[in-house]
Amino acid sequence: MDHKNSEEAALVRRVQARDELAFRELVERHQSKVFSIIYGILRNHNDAEDIAQQVFAKVYFSIRNFDFRSSLLTWIYKITVNECYDYLRKKRVRKLVYESDFSQEDAQRMEASEPAVDQSVAADTSLAQRDLVAKLLEKVSPEDRNLILLKEVEGHSVEELAAMTGLNENTIKVKLFRTRQKLLKAAQRLGRVRATLK
Amino acid sequence: MHRLIRDHLEEVIAGLQSAPVEKHLSECDECRDEVTGMREHAALLQVLRTPPAVEVSIEQRPGFYARVMDRIEAQTPASIWRGFFESAFGRRIAIASLALAVLFGVYMVTSEQTDQIVTATQTNQVLAGPIPGEDEPGLVLAPAGTPGGQPDDDAVLANLVTYQEQ
């Protein structure tokens, strides 16, 4: 697919020339997709807004480096996913800091005040699954992570991924295979760690 | 994992498998286990899909572009030149400084040219011989005793030194 001569490429060139109307069009065209990707990963409206703003700020500052090898959406998708994982990493660091300040006494008091029965088992399961997915995806490179998400979450075919990324279909298949293997190994390691902790 | 499965992995995970693939999977434990794990992960990744109802509510948030532009402005690196060109006073100072620099440049160039002309004239006068109307023996460039009437270089230098001392 020729990413250099499309209508989208013309829009990108205008944004690269710092045409604010063109940038506005770009934001309006892609904002719902960006929100949807962020919400899919984080499940939080307030954080989604904040990260989406940061994604478009990054798009604005780095669009001059966009080289038309992939589609604009693929490029924005990559920035969005990376931004989400940066956010999750920072949040985890903050959480660790807070937890280290949390005394044994505080924990006991909090446990005593919590209801004995979980309010929503389904919500917990979903939360645990998303937590596991986030941990597994952190074990693969940002490029592989984007590719597997575009395939499994966005539902693109191998042919579409080849067109979107500018890579050939065989390369896409090999990359997907390796990513799936890495995820399997990461899951096995996590399982072993959990088993040791129990 | 065996090559047959690896080559058709995407179809296998999507549940589109041919007879040879199915046959191999029924016979090979290693491939079957790996494919099962990969299928489970593919299914697990579906938790990252955004429900359509949420997508609709996300689309209705107003003023997003303005907030993005505010953030861009906040993140734009501040430049010392920005303050100059953004206020009228700063612009006036910048123009005045520029004009002063041009004037100074012009002055430097013209004064340098005048100095060169004066120096060249004086040198020519010294080399040409005594200045008319002046009776100074030190300025005579053709000293006596030079064979063939050719000026002696040492004598010329001595004359120049004497001239500068006077």
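The values are calculated or read from the model by the stated rules, or taken from the named source; none is laboratory data. Keep in mind that what you see is a predicted model, and the values were worked out from it rather than measured. When we count neighbours, we look across all protein chains shown, and the Cβ atoms used for this are built from the backbone with ideal geometry, even at glycine.
Values for this structure:
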read-out: Test for A:Asp101: is it at pLDDT below 70 and surrounded by fewer than 17 Cβ atoms within 10 Å (Cβ to Cβ); value: yes
read-out: Residue list for segment B:1-54, filter: of a type in the set (D, E, K, R) and facing chain A (nearest Cβ under 9 Å); value: B:Arg6, B:Asp7, B:Glu10, B:Glu34, B:Glu40, B:Arg49
read-out: A:Val12 vs. criteria touching a Leu at 6+ places or on another chain (Cβ under 9 Å), more than 10 Å from chain B (Cβ to nearest Cβ) and in a helix (DSSP H, G or I); value: yes
read-out: Options A:Glu7, A:Glu28, A:Glu49: the member that is surrounded by 14 or more Cβ atoms within 10 Å (Cβ to Cβ) and either more than 10 Å from every other protein chain (Cβ to nearest Cβ) or under 25 Å from B:Arg49 (Cα atoms) (or both); value: A:Glu49
read-out: Some residue of segment B:92-106 being among the polar types (S, T, N, Q) and modelled with pLDDT of 75 or more; value: yes
